[in-house]
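Chemist: Let me give you the structure first, and then I'll get to my questions.
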Amino acid sequence: MDIAVFRSAFFGWKVVATAFVVAMFAWGTGFYGLSVFLDALHRDRGWSVSVISAAITVHFLFSAVIVAHLAEVHRRFGIASVTRAGVAALAVGVLCWSLAGQPWELFGAAVLTGAGWAATSGAAINAMVSPWFGRRRAIALGHAFNGGSVGGVLFTPLWIALIARVGFVGAASLIGGVMLVVLWPLTGRYLAATPESLGLAPDGDPASAFAASDRSNRLAMSLASLLRDRRFVTMAIAFALGLFAQIGLVVHLVTRLAPVFGAGGAAAAVSLATACAVIGRLLLGVLFGDADRRFLAMGNFAMQACGVACLALGANAVLLLLGCVLFGLGVGNLVSLPPLIAQREFAPADVPRVVALITAINQAVFAFAPGIFGILRQASGGYAVPFLIAAAIQVIAGAIIIQGRAHPGAPALRHLGSASTAPRSSPRTATAPRRLPACRHRAWC
């Protein structure tokens, strides 16, 4: 991120920079790295793709269990301590992946890396950044989540190069060691503080003004209410399906591309896709910042579906690279859009719970994607069938996300923003023509 922004007097930007580095290591190791691990273990040790994929499923499934309780763990132990524990678990877990002598040992390693991934990935990044920003939260989260895309660009070829040079154990030791050396002091210095402990407020606003606003917005919805809310349900289902397709594809992408490009070329193609993820997120913010975010999500799903179809059917390098570009442009947005939609559609007090629940549901669903893709690949003899299924799932996700759009007079919108705390007005005031556009605008701001 911009150095001038980092040097700003507002401490929140230093938290964003720290979250960026955490995301870079987390995605580079606990997400994109898994694709490399699968290819290396299958090629060098001859283990079944479906068995290795099942271990990756355990990685994501165990992570989902932790993410469901991550907010409570953060409150009890603090974000800095939990992040440090996650970094240590990720480093040790990756080493265990490399040391596994039998396929069943991968499942124990997956528990460790799953715990580390939960404490350093999507919900954790949101928990680090969100307390420091209100109006500028979308920009701040975009900067932080770009660390994950940069991690994919840097770490995928790095893992392959190191494994080829020093072996899997050597590569895991080097990357895990560097991760501990960099993140342990960084998280302790910048994630232990809170805005309140420094006498600050989100976006650098006066603390007194924030306190008054915060009290007026403490109208948290119950879990039962959320589960009945169409906005929440459509978001949860759509992004769970979209991420199921995305995670299944990413984990198998190196193995899919290697026969055409070779191991090194496949890593470069994955890096291209993740570089496009940064571009896609930046384009979303610059060109469509004020647009309906559910329409943007639908377009994102459609673009990725086209890219996945190219990856499924492509028999030459040009078509496969086109698929990587189209798919990659949407990868980052699929992670960052749920918090941004939640910020516009729900009261501030509800946003942390909404984001945590959607993340947990997503991980519980997409945890099965690597294993299912592995089974489909083995049963069909290739990746055309599982990738085409992934494209169809993304189309369905796009159709679902648009069903949760707000509309004038919807009961679910009554608690949004300041409107939820305003005194009841007379029927004439409530139905005045000038009030309706304002209500629609607030629902999506």
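Chemist: If I go through region 222-262 residue by residue, how many of them are part of a helix (DSSP H, G or I) and either touching an Asp or Glu at 6+ places or on another chain (Cβ under 7 Å) or among the charged types (D, E, K, R) (or both)?
Modeler: So the answer is 7.
Chemist: Return yes when S53 is among the hydroxyl-bearing types (S, T, Y), more than 24 Å from L174 (Cβ to Cβ) and assigned to a helix (DSSP H, G or I) and no when it is not.
Modeler: Details: among the hydroxyl-bearing types (S, T, Y): yes; more than 24 Å from L174 (Cβ to Cβ): yes; assigned to a helix (DSSP H, G or I): yes.
It is true that S53 is among the hydroxyl-bearing types (S, T, Y), more than 24 Å from L174 (Cβ to Cβ) and assigned to a helix (DSSP H, G or I).
Chemist: On to the next question. Could you check how many residues of region 65-113 are closer than 20 Å to I125 by Cα and in a helix (DSSP H, G or I)?
Modeler: Selection size over region 65-113: 26.
Chemist: Another question, then. In the set G142, G147, which member is crowded, with 18+ Cβ neighbours inside 10 Å, touching a Lys or Arg at 6+ places or on another chain (Cβ under 6 Å) and part of a helix (DSSP H, G or I)?
Modeler: G142 is the lone residue from the list that is crowded, with 18+ Cβ neighbours inside 10 Å, touching a Lys or Arg at 6+ places or on another chain (Cβ under 6 Å) and part of a helix (DSSP H, G or I).
Per-residue answers, yes or no, for (1) within 17 Å of V254 (Cβ to Cβ); (2) of a type in the set (A, V, I, L, M):
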{"site": "G33", "(1), (2)": "yes, no"}
{"site": "H42", "(1), (2)": "yes, no"}
{"site": "A54", "(1), (2)": "no, yes"}
{"site": "T57", "(1), (2)": "no, no"}
{"site": "L61", "(1), (2)": "no, yes"}
{"site": "V65", "(1), (2)": "no, yes"}
{"site": "L70", "(1), (2)": "no, yes"}
{"site": "R76", "(1), (2)": "no, no"}
{"site": "R84", "(1), (2)": "no, no"}
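Chemist: Looking at (1) modelled with pLDDT of 75 or more; (2) part of a helix (DSSP H, G or I), which is the only condition G382 fails?
Modeler: (2)
Chemist: Residues of region 304-319 being in a helix (DSSP H, G or I) and surrounded by fewer than 20 Cβ atoms within 10 Å (Cβ to Cβ), which ones?
Modeler: Within region 304-319, C306, L313, A317, V318, L319 meet the criteria.
Chemist: Further, regarding this structure: Across region 287-300, which residue is modelled with the highest pLDDT among those that are out of contact with any helix residue (DSSP H, G or I) (no Cβ under 7 Å at 6 or more places or on another chain) and closer than 23 Å to L322 by Cα?
Modeler: The qualifying residue modelled with the highest pLDDT is G299.
Chemist: Residues to consider are S121, S197; find the one that is at pLDDT below 95, buried (at least 19 other Cβ atoms within 10 Å of the Cβ) and of a type in the set (S, T, N, Q).
Modeler: On inspection, the qualifying residue turns out to be S121.
Chemist: Just to be sure, is F373 farther than 28 Å from R344 by Cβ, touching a His at 6+ places or on another chain (Cβ under 6 Å) and modelled with pLDDT of 85 or more?
Modeler: Yes, satisfied.
Chemist: Right, something else. Considering region 211-233 alone, what residues qualify as being modelled with pLDDT of 80 or more and either crowded, with 19+ Cβ neighbours inside 10 Å or in contact with a His (Cβ under 8 Å, 6 or more places away or on another chain) (or both)?
Modeler: Across region 211-233, the qualifying residues are L226, D229, R231, F232.
The values are calculated or read from the model by the stated rules, or taken from the named source; none is laboratory data. Since this is a predicted model, take the numbers as computed values, not measurements. We place every Cβ from the backbone using ideal geometry, glycine too, and count neighbours over all the protein chains shown.
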